[in-house]
1. Over the stretch 262-309, what number does the Rg to Rh ratio reach, with both radii from the alpha-carbon atoms and Rh per Kirkwood?
2. In whole Å, largest first, what are the principal axis extents of the Cα atoms in the stretch 15-67?
3. Amide H to amide H under 5 Å from Arg249: which residues, 5+ apart in sequence or cross-chain, H placed 1.01 Å off N in plane?
4. Based on DSSP H runs of at least 4 residues, each adding -39500 (n - 2.57), what is the mean residue ellipticity at 222 nm of the chain after dividing by all its residues, to the nearest 500 deg cm²/dmol?
5. Longest exposed-loop-site-free stretch of the chain, with GluC sites (Glu not before Pro), DSSP loop and at most 15 other Cβ within 10 Å?
6. Dimensions of the stretch 340-395 along principal axes (Cα, Å, largest first)?
7. How large is the dipole of the stretch 71-182 about the Cα centre if only Lys and Arg carry +1 and Asp and Glu carry -1, each at its Cβ, rounded to the nearest 20 debye?
8. Using Cα-Cα distances under 8 Å and only pairs 6 or more residues apart, what relative contact order does the chain have, in percent?
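The values are calculated or read from the model by the stated rules, or taken from the named source; none is laboratory data. Here the structure is a predicted model, which means the values were calculated and not measured. Cβ placement follows ideal geometry from the backbone for every residue including glycine, while neighbour counts extend to all protein chains displayed. Calculation scope for accessible area: heavy atoms of the full protein, side chains included, ligands and nucleic acids excluded. Shrake-Rupley method; radii C 1.70, N 1.55, O 1.52, S 1.80 Å.
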Amino acid sequence: MADHVVVVGAGLAGLSAALHLQGSGRRVTVLEKADVPGGRAGTVQVGGFVADSGPTVLTMPEYLDEAFGAVGERLADWLTLDRVDPAYHARFADGSRIHVHTDAGAMEDEVRTVCGAREAAGYRELRRWLGELYAVQREHFIGANFDSPFNLVRPELLRLARLGGFGRLEPQLRRFIKDERLIRLFSFQALYAGVPPQHALAAYAVIAYMDTIAGVYYPRGGMHAVPQALSKAAEKHGAEFRWGTTVTRLEWSGARVTAVHTAEERITCDAVVLACELPDAYGLLGKRPQRVLKHRWSPSAVVLHAATDRTWDLGHHNILFGNAWSATFDEIVHKGRLMSDPSLLVTQAQDGLHYVLAPCPNLRTSTIDWQRVGPRYRDELVAALEKRGLGGFGAAIRDELLVTPLDWGNAAGTPFGLAHTFAQTGPFRPRNVVKGAENVALAGAGTTPGVGVPPVLISGRLAAQRINAVR
């Protein structure tokens with residue numbers, strides 16, 4: 001095939017789609033409004049430092065290898081990944097700590113030392129359960145296109161039900177472990193999917209599998225090295241990239257897009273992948289999602305990027321848990337308020353660059369005046385860090401940048417996209433094809449399969465499969 005496909009957006013989803021399309025023989029042009037690839041996996045300037053603006057670690061690198069492999073390349077020839085071990089350093093309000101190891105024996109020893117022999121035995125069973133959950137979902141639910149809810153009717157659905165995947169996450173975890181610290185460690189990941197752990201489907205424990213079993217990695221050069229490598233591999237195999245290019249409209253002939261218009265030119269095409277923000281994609285299509293229920297967006301986050309003149313006793317990836325738990329999610333998800341007792345994710349780079357993330361309400365669920373509240377909340381976060389072992393953090397800051405929901409530039413002011421509620425999961429999530437647009441596919445966090453680096457890479461492959469099915 002030599003058909004011309006235009007990909008709108010050079011984030012991880014668009015880059016994955018481009019590589020998979022090239023691998024099937026398509027000619028690909030990628031249009032990106034920014035001057036560099038990456039989308040949410042971009043960078044920000046913090047004084048003299050360049051920091052990751054989005055994800056700070058990588059899980060499931062096999063999906064990256066799959067994208068490179070579509071054009072006959074190998075991940076190892078483009079990126080060097082260092083394993084982060086322990087994957088997480090967790091600190092709790094009572095002063096205790098747990099190092100999260102992905103090695104089964106090391107983690108079992110850690111749990112036994114901190115939580116006791118009964119919890120260590122429970123962890124063994126939990127680890128087995130997490131592996132089974134991932135195995136049954138990988139190809140048939142996470143990595144599959146859905147045309148209707150009836151696509152769920154397959155033997156794997158019964159197996160997922162028997163594993164408890166359609167129950168609630170926290171009650172399923174309590175079948176194996178009782179220690180509240182472990183419950184938090186294996187359930188906080190649900191917030192990445194936009195749902196409190198108490199309400200999340202147990203099927204989303206697969207995120208904990210990715211984080212705590214499959215392994216956590218950090219690319220040399222930072223996370224932005226990932227989209228840089230993907231774009232260069234695509235260019236090597238003939239993809240054309242046009243940076244600083246904003247798409248203004250699509251040109252139609254019946255139900256098919258025949259050209260993509262920018263401010264500068266008209267680009268004829270045989271098919272289009274819209275790998276931009278979901279509302280922007282619908283806007284270009286001139287269509288509205290066909291849903292009974294309104295879209296529900298995930299909580300947002302405040303991020304403090306701080307370059308300091310010293311470091312602390314931290315790992316690369318750290319979680320500083322507050323004392324509150326259920327009340328915390330109620331505040332940010334339902335009440336639209338800031339956490340009164342925040343739990344924080346802190347990434348510390350070797351050069352003293354810190355990334356402090358605090359979950360917060362999105363712009364749809366709160367009326368917080370971030371221009372006024374932001375600086376004050378920054379001070380509260382610094383005070384919380386100092387109380388939790390990072391003494392002198394505020395005085396050590398030399399350069400900083402505060403990012404609030406006003407700055408993300410995404411729908412509802414959240415970088416986490418649509419929440420993974422039951423009504424926005426699997427076949428009920430916005431589909432990657434749109435009625436009345438025969439040669440268009442969607443890719444990205446807003447569509448199948450969902451939020452996170454691995455799902456977004458998968459979404460690019462699924463979009464390419466949709467395009468390759470068009471005749």
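1. Over the Cα atoms of the stretch 262-309, Rg/Rh equals 1.18.
2. 44, 28, 13
3. His261
4. Calculated from helices alone, the mean residue ellipticity at 222 nm is -8500 deg cm²/dmol.
5. In the chain, the maximal stretch lacking such sites is 1-263.
6. Here the Cα extents, ordered largest to smallest, are 36, 20, 18 Å.
7. Charge dipole of the stretch 71-182: 500 debye, to the nearest 20.
8. Once normalised by length, the contact order is 23 percent.
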